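Only one structure is covered here, and it is reproduced in the block below.
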Amino acid sequence: MQNAKDLKEYREELKESLDNEFLRTTLDNFAVAYKAGRANAFKDFDLPQLIDDVACAKDAAASRIEELYEEFKKTAEAAGAHVHLAKDADEANRIIADIAKKSDCKTVVKSKSMTAEETLLNHLLEDEGLEVTETDLGEWIIQLRHEGPTHMVMPAIHLSRHQVKDLFSQVTGKEQQSDIDKLVKVARRELRRKYVEADMGVTGANFAIAETGSIGLVTNEGNARLVSTLPRVHVALMGLDKLVPSLDDALKILKVLPRNATGQAITSYVTWITGRNECASAEDGKKEMHFVFLDNGRLEMAKDPVFGEVLRCVRCGACANVCPVYRLVGGHKMGHIYIGAIGLILTYFFHGKEKAKNLVQNCINCEACKDICAGGIDLPGLIKEIHARIQDEDGHALPSILLGKVMKNRKLFHGLLKAAKFARPAVADGEGYLRHLPMMFAKDQASVRCLPWPTTPSATVGKRSSRA
Ligand code: SF4
């Protein structure tokens, strides 16, 4: 049954986000810039073919995920690395804490890793007495604020430079300016010392290549190179879904990932790591290298005929960029750890029904995420399936919190329509009709109706109501 206290709290949180003009303006501006940047980045490509290539490569990898893990283990160990498999988040964190203990590590620098967010790695390492510093600028900001990311690629997109200025002033004990270049310099100055002093570096990985035992890291700030190079111990934590058979498969994904994430043809840095690199601070001149793979339900998911396609996700974050609801409320209300359409799904699988039940109601089934997905995942269909599962388990229909609020507020409703206009190709047919009503209305009589699109005032619901 729905927990009334949670629901009330969630409603209040939503209201807070809906009242946040800065958040909405920032996300709107980003969404418009993203759309233009992405279109430009793909202009010389056959995009459906690229997406199909990613989907095929990821599906093929998922179908032999255990075999690929064994192959990776063999090749990586032959190159001098240690390979570990954790069944869940606690085990992954424990493995990493034990590595730190055995290697007498006291300080850790980290580059951005959604998998480490998934396991809440920092909490355990800090509980064990280690000093952990995030080195991605956005991640460092949210670490200082003791909060989670609001976007998978841009974790601090919800904050203004003035908020960051206040935060940095507090952290450095000196009044800072809100000029972005100056704020970046402050972060650089503070973080450089940490890289040099750190005993252990923790990164994620965008790819794990079975045939060579290598990982690939796709970054813009260069911090992952410092994290994986300077400390004497490097731990890379990644989901089993990052395994691919060969470099060719990784390159197929790399062609789409930065273009779909931020509209960049390629990120500033793409780093490939195999085995133990040289390291001046290591006793034998070579760093200790560990690859930690996280299962946390991925092996089961790979065999699931409905949800198996979730493993195609390359974590580009595009499904948040185009989501009209995300643009209204931001990432903290559109996912527990993972954000956007995929966040609603992964929250259910990785963090449980209780965390997901309020979130899944936010999907208005506009299908914009499905059209933009780098892996061609049927995100709205899967969210619908999760919603139905929760309803079955809880035994009653859940009211749509966000839509209930939006429908009562004329200004917000029009804001939502304006945001949805961005996703128009996905939600409206060529004749100016919304193909699907939002999830909570997609039942009974409403299931056979289409809504007239706002730019075609002469259209009427009745005219099209017999179409379905
Ligand atoms: S579900 Fe698709 S669009 Fe969303 S993050 Fe994953 S690959 Fe990107």
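If you go through region 204-225 and pick out every residue that is free of Cβ contacts under 8 Å to residues at least 60 places away in the same chain and in a strand (DSSP E or B), you end up with 3. If I ask for residues that are over 18 Å from Ala261 (Cβ atoms) and surrounded by 16 or more Cβ atoms within 10 Å (Cβ to Cβ), which ones from region 8-59 would you list? Hits for region 8-59 are Tyr10, Leu14, Ser17, Leu18, Asn20, Leu23, Arg24, Asp28, Asp59.
Put simply, of Met301, Met289 the only residue that is more than 16 Å from the ligand (Cβ to nearest atom) and more than 16 Å from the chain's Cα centre (by Cα) is Met289. Within region 226-253, being surrounded by 20 or more Cβ atoms within 10 Å (Cβ to Cβ), touching a Phe, Trp or Tyr at 6+ places or on another chain (Cβ under 9 Å) and in a helix (DSSP H, G or I) holds for Leu226, Val227, Leu240, Lys242, Asp249, Ala250, Ile253. Among residues of region 368-382 that are open to solvent by 20 Å² or more (accessible area, probe 1.4 Å), those with a beta-carbon under 9 Å from a residue that is among the basic types (Lys, Arg) and near the ligand (Cβ under 10 Å from one of its atoms) at least six positions away or on a different chain give the pairs Gly376/Arg312; Gly376/Lys370; Asp378/Lys370; Gly381/Lys370. The sole residue among Ala76, Ala62 that is under 21 Å from Leu257 (Cα atoms) and crowded, with 19+ Cβ neighbours inside 10 Å is Ala62. Contact annotation: residue pairs with Cβ atoms under 9 Å, 6 or more positions apart or on different chains, pairing a residue in region 38-55 that is outside any helix (DSSP H, G or I) with a partner that is within 16 Å of the ligand (Cβ to nearest atom), are Phe42/Leu50; Phe42/Val256; Phe42/Arg259; Phe42/Asn260; Phe42/Gly263; Phe45/Lys255; Phe45/Val256; Phe45/Arg259. Has region 187-203 got at least one residue that is closer than 30 Å to Cys373 by Cα and in the same structural domain as Leu130 (by TED's automatic domain parsing)? Yes - at least one qualifying residue is present in region 187-203. Screening the candidates Gly213, Gly204 for the property of being closer than 30 Å to Ala31 by Cα and either open to solvent by less than 20 Å² (accessible area, probe 1.4 Å) or acidic (Asp, Glu) (or both) yields one hit, Gly204.
The values are calculated or read from the model by the stated rules, or taken from the named source; none is laboratory data. Since this is a predicted model, take the numbers as computed values, not measurements. A quick note on method: Cβ atoms are made from the backbone with ideal geometry, for glycine too, and the neighbour counts reach across all protein chains shown. Surface accessibility is based on the protein's heavy atoms, side chains included, excluding ligands, DNA and RNA. Shrake-Rupley method; radii C 1.70, N 1.55, O 1.52, S 1.80 Å.
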